[in-house]
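Working notes, beginning with the structure itself.
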Amino acid sequence: MAFNVYTAYLNAIAKEPVDDWRELNQEMINDTWLDTSTVATVQGQTTVGGITFANESVQISSVINPSTGENFGDEFRKIVYKNYTTTDKWLGKYYKFDNITWLITNTDTKIGALNTAILRKCNNWLKWIDPNGVLNSWECVFKRSITNTNLNEGSEGVPQINADTLIQVQKNSKTTAIPYNQRFIFDGHAFQIKQINNHISDTYMELYLFEAQVQPNDDLVNNIADGGGEISPTTNENKILPEIVKILQSETQLFTVYKYINGVPNTNTFAVSASGPIAGTNYTLTTVDGNNFSIANILQSNLPLVITCTNNITSEVVNMNIMLGGKW
């Protein structure tokens, strides 16, 4: 009996004040659902990577900066759910209303009520031809920083070297197949992937790109880059690929390092080392051969893992900083 009473206390009484506030706030929203003019029927995507949408009843409002009280603008919307389930709200989900497609880019419950999501207006299409010759296209959020070539913006505020464009898009079986250095055409301009952040969630990803040269066979009218295969580095440089910023805990990432001459890797080998977190405790570095190695994330670390690759022939050094993250 005593155990049952204690369990009831934990389940119904022992709550943090913030939990009480959120529950009461959600109850008030549910009770007054039909008394507000912000309720609307929208079209919500039913499955990841799917093209079917279903009616959902939500409240739609502007997004207000909690620090300044200012409206973030027409590119953002906040939706509030009534009696939602986890299938209703997920990063990367598409919505359609007001003849516009919107993308969930934030499920942070700190902004407003418990059952909310932040949407951003899709303003472009991510189009590419895969190696099988199939044209793929997904609506996306395209944002470019004209004044700075280091786009210090994204899911974790990591500076993106030589990247001036951020693409936010759903992560699905098609978009995860996009290779590093893939080229895209946006509004008649060519862009090339510099970095892919696909660790954010299972359903949402960010691409960082820089402006590249337009090729003679690019379709500038329909915004489709010529070909679909990965483009090798074209400059004479030592290069570690892929260029990522984070490895999740319990995951292993494979890397290659080559000396490229006119875009072609030569036979130079490299000595690979790592520093920062504790080897064997936070990570394991495994050298496959002189051009291939892997990093296994054992335990999350706040220190960046610095990978150093030294060309055994020229003594040139190339570095890469990677964060050893948690399980998500």
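FYI, it's all coordinate maths here, none of it is from the lab. Remember, predicted model here, so these are calculated numbers, not experimental data. Every residue, glycine as well, gets a Cβ built from its backbone with ideal geometry; the counts of neighbours run over all protein chains shown.
Using the Cβ-Cβ distance between THR176 and LYS82 with R0 set to 25 Å, the FRET efficiency works out to roughly 0.15. Each peptide in 268-276, 309-317 was scored by the mean count of other Cβ atoms within 10 Å over its residues; highest first, the order is 268-276, 309-317. Backbone geometry of the range 164-173 corresponds, through the Karplus equation with coefficients 6.51, -1.76 and 1.60 at θ = phi - 60°, to 3J(HN,Hα) couplings of 10, 9, 10, 10, 10, 8, 5, 8, 8, 5 Hz, x marking Gly and Pro. Under a 5 Å amide H cut-off, with hydrogens placed 1.01 Å from N, VAL48 pairs with nothing among residues at least 5 apart or on other chains. Distance check, please: which entries in LYS93/LYS239; LYS143/LYS174; LYS89/LYS239 exceed 31 angstrom between their Cα atoms? Pairs exceeding 31 Å: LYS93/LYS239; LYS89/LYS239.
Close amide H contacts of ALA212 (hydrogens built in the peptide plane, cut-off under 5 Å, sequence separation of 5 or more or a different chain): ALA190, PHE191, GLN192.
Round to the nearest 0.05 the FRET efficiency obtained for THR52 and ASP98 when R0 = 22 Å and r is the Cβ-Cβ distance. Step by step, r from the Cβ atoms, then E = 0.65. Sequentially through the range 249-257, phi angles give Karplus couplings (6.51, -1.76, 1.60; θ = phi - 60°) of 4, 6, 9, 10, 10, 8, 10, 10, 9 Hz, Gly and Pro residues having no value and appearing as x. Rounded to whole numbers, the Karplus 3J(HN,Hα) couplings from phi for the range 274-284 are 9, 8, x, x, 8, 5, x, 9, 9, 7, 10 Hz, using 6.51 cos²θ - 1.76 cosθ + 1.60 with θ = phi - 60°, and x at Gly and Pro. Subtracting the Cα-Cα distance of ASN198 and GLN253 from their residue separation scaled by 0.36 nm leaves 18.5 nm.
Where in the range 296-328 does the label zone of ASN236 land, with the point 7 angstrom along Cα→C-beta and an amide N cut-off under 16 Å? Counting backbone N atoms under 16 Å from the label point, the list is 313-317. Backbone amide hydrogens, once placed in the peptide plane, bring ILE298 within less than 5 Å of SER250, TYR283, THR284, excluding anything fewer than 5 places away on its chain.
Label positions at HIS189 and THR314, each projected 7 Å from the Cα along the C-beta direction, are separated by 3.1 nm.
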